[in-house]
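The values are calculated or read from the model by the stated rules, or taken from the named source; none is laboratory data. Quick caveat: nothing in here was measured; it's all calculated off a predicted structure. A quick note on method: Cβ atoms are made from the backbone with ideal geometry, for glycine too, and the neighbour counts reach across all protein chains shown.
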Amino acid sequence: MKNILFFLLAPLALLLANCAPQTPESRIAKHPEIYNSLSDSQKEQVAQGHISNGMPSGGVFLAWGAPATKSEGQKGNTPFVRWDYTNLKPVYTWNYWGYGYYPRGYYGVGSYGGPTPEVTYIPYKSASVFLTNDKVARWEKMQQPAE
């Protein structure tokens, strides 16, 4: 019985551990070699989740995590890489379809319903980092879109 319980709970524990939010501290713990390659002022910024111009891409990764998208471009004769970060904005809607079923004896199954609130999460670009020669050339954070 204990073996069955273990095999049922172990995958659940792994799934929940992978769903845990990533923080600068957790990324630093996983990648101490990147953190140790930073200057003292950059280490302080990364630990607080901040970035600055001149910071290497590894510091950006530790501070903000992996980007949602990466793209390459060129401005003048200078090639650059842009990392875009996204966030999710909740959008509240109402659904007017049935939302449940109940047994009706001889007549089968019936439904009951009415207006039900729903939440949909819409992604939006929350930040961009422009890297030249693997260092931050400029960065920008966007405000959450208004409702």
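Of all residues in the range 54-66, none satisfies being over 17 Å from residue 128 (Cβ atoms) and of a type in the set (S, T, N, Q). The residues on offer are 93, 69, and the sole one that is hydroxyl-bearing (Ser, Thr, Tyr) and at pLDDT 95 or above is 69. Quick one: residue 107 ticks every box in (1) surrounded by 12 or more Cβ atoms within 10 Å (Cβ to Cβ); (2) at pLDDT 65 or above except a single one, so which number is it? Of the numbered conditions (1) surrounded by 12 or more Cβ atoms within 10 Å (Cβ to Cβ); (2) at pLDDT 65 or above, the odd one out for residue 107 is (1).
Checked against the criterion of being touching a helix residue (DSSP H, G or I) at 6+ places or on another chain (Cβ under 9 Å), modelled with pLDDT under 90 and surrounded by fewer than 11 Cβ atoms within 10 Å (Cβ to Cβ), the range 7-19 has no qualifying residue. Restricting attention to the range 37-63, the residues that are assigned to a helix (DSSP H, G or I), in contact (Cβ under 8 Å) with a residue 12 or more places away in the chain and out of contact with any His (no Cβ under 9 Å at 6 or more places or on another chain) total 7.
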